[in-house]
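The values are calculated or read from the model by the stated rules, or taken from the named source; none is laboratory data. This one's a predicted model, so the numbers in the text were calculated from it and none came from an experiment. Backbone-built Cβ (ideal geometry, glycine too); neighbour counts: all protein chains shown.
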Amino acid sequence: MPIQVLCSACKATFRVSDQFAGRTGPCPKCKAPITIPAAPIKSVTIHEPEAPVTTSLGTGRAPEAPLKRIDVVVSPLEWFGMGAGAVALLVAAVLARFACGPGQLPVWLLGVGALAVAWPCAGLGYAAMRDKELEPYSGSNLWLRTLGCGAVYALLWAVHGMIPPDLTAEMWQWLFIGPIFFFVGALASLVSFDFDWGTGAMHYGFYVMVTALLRWLAGYPPV
C-alpha cells in the first residue's frame, strides 16, 4: 500500500510505493534528501464464526444448518398385521364367491369392500411411495388424508359400476376410459399426499391391482 511522505525541507507531501520503505532519496520538489518511513502495520481482527441458523423464522435468512430428516420405520408387528389383513381379504373374497355365487355379491357389500380395501391401500401406498426427503404426515392429519384419498378411490369403483357393460366388455375400450380414471386417482393422491403425477398414478394403480385381484377371486371381471 502507498506510504504518505512529508518533506521536512519544503513541507511537500506525496505518496510512494511501500517497496521503497526505509530507503533515502531526493525530494521531487526541492531535491532535499528524504528517508522513506516504514509502511504502517495494519492490525487484523479475526472474529469467531457465527453459529449456523437453523430456522428462518424472524431472521429473514435462509437456514444454513442441515435439516434432520425424519424417517418412518414400520415395526415388524405392523408388517405382520398388514400381511394378515391381506390374507384375510383374499380368504373373504373366496368365501363370498361360494356363499353368494360368482359375481353375485350384494351392491352394498361391494361398496363396503371397496372402502375397506381403499383405506389400507392408501395408507400403505403412502408409506412405501412417499418422498423420503420430506417430513412425513402423521397422526390425525395422516388419517384424514388417508380417509379422503381412499374415499375417492372407492368412489371411482362406484362410477365404474355405472358404466354400461358394452362400453367396457373389450380391453381395447379401456384405452379411452382408463386414462380418465387414472387422472382422477392420481389427482386425489396428489392433493392428499403431495405426490407428483407419476407417483400418484402408481399409488392409484396399486389400489386397482389389489381390488382387481379380489374381484377376480369373488367371480367378477377384474375390470
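Each row is one residue, and each column tells you yes or no for (1) surrounded by fewer than 15 Cβ atoms within 10 Å (Cβ to Cβ); (2) more than 30 Å from CYS100 (Cβ to Cβ); (3) among the acidic types (Asp, Glu).
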| site | (1), (2), (3) |
| --- | --- |
| TRP172 | yes, yes, no |
| ILE180 | yes, yes, no |
| PHE183 | yes, yes, no |
| LEU190 | no, yes, no |
| ASP194 | no, yes, yes |
| TRP197 | yes, yes, no |
| LEU217 | no, no, no |
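Would you mention how many residues in the range 7-33 are touching a Ser or Thr at 6+ places or on another chain (Cβ under 6 Å) and either charged (D, E, K, R) or surrounded by 13 or more Cβ atoms within 10 Å (Cβ to Cβ) (or both)?
Residues flagged as touching a Ser or Thr at 6+ places or on another chain (Cβ under 6 Å) and either charged (D, E, K, R) or surrounded by 13 or more Cβ atoms within 10 Å (Cβ to Cβ) (or both) within the range 7-33 amount to 0.
Find all pairs meeting these conditions: Cβ atoms under 6 angstrom apart; at least six residues apart or on different chains; first residue within the range 122-146 and in the same structural domain as LEU187 (by TED's automatic domain parsing); second residue among the β-branched types (Val, Ile, Thr) and outside any helix (DSSP H, G or I).
From the range 122-146, the pairs are GLU135/ILE70; PRO136/VAL72.
Filter the range 192-223 for residues that are outside any helix (DSSP H, G or I) and under 20 Å from TYR137 (Cβ atoms) and give the result.
Our first condition is that a residue be outside any helix (DSSP H, G or I); within the range 192-223, this holds for 194-196, 218-223.
If the condition is that a residue be outside any helix (DSSP H, G or I) and under 20 Å from TYR137 (Cβ atoms), then ASP194, PHE195, ASP196 are the ones that fit.
Looking at the range 192-220 only, could you name the residues that are more than 20 Å from ALA116 (Cβ to Cβ) and without any contact (Cβ under 8 Å) to a residue 40 or more places away in the chain?
ASP196, TRP197, GLY198, GLY200, ALA201
Considering only the range 29-41, I want to know if a residue exists there that is farther than 30 Å from PRO165 by Cβ, modelled with pLDDT of 70 or more and touching a helix residue (DSSP H, G or I) at 6+ places or on another chain (Cβ under 9 Å).
Looking for residues that are farther than 30 Å from PRO165 by Cβ, modelled with pLDDT of 70 or more and touching a helix residue (DSSP H, G or I) at 6+ places or on another chain (Cβ under 9 Å), one finds at least one in the range 29-41, hence yes.
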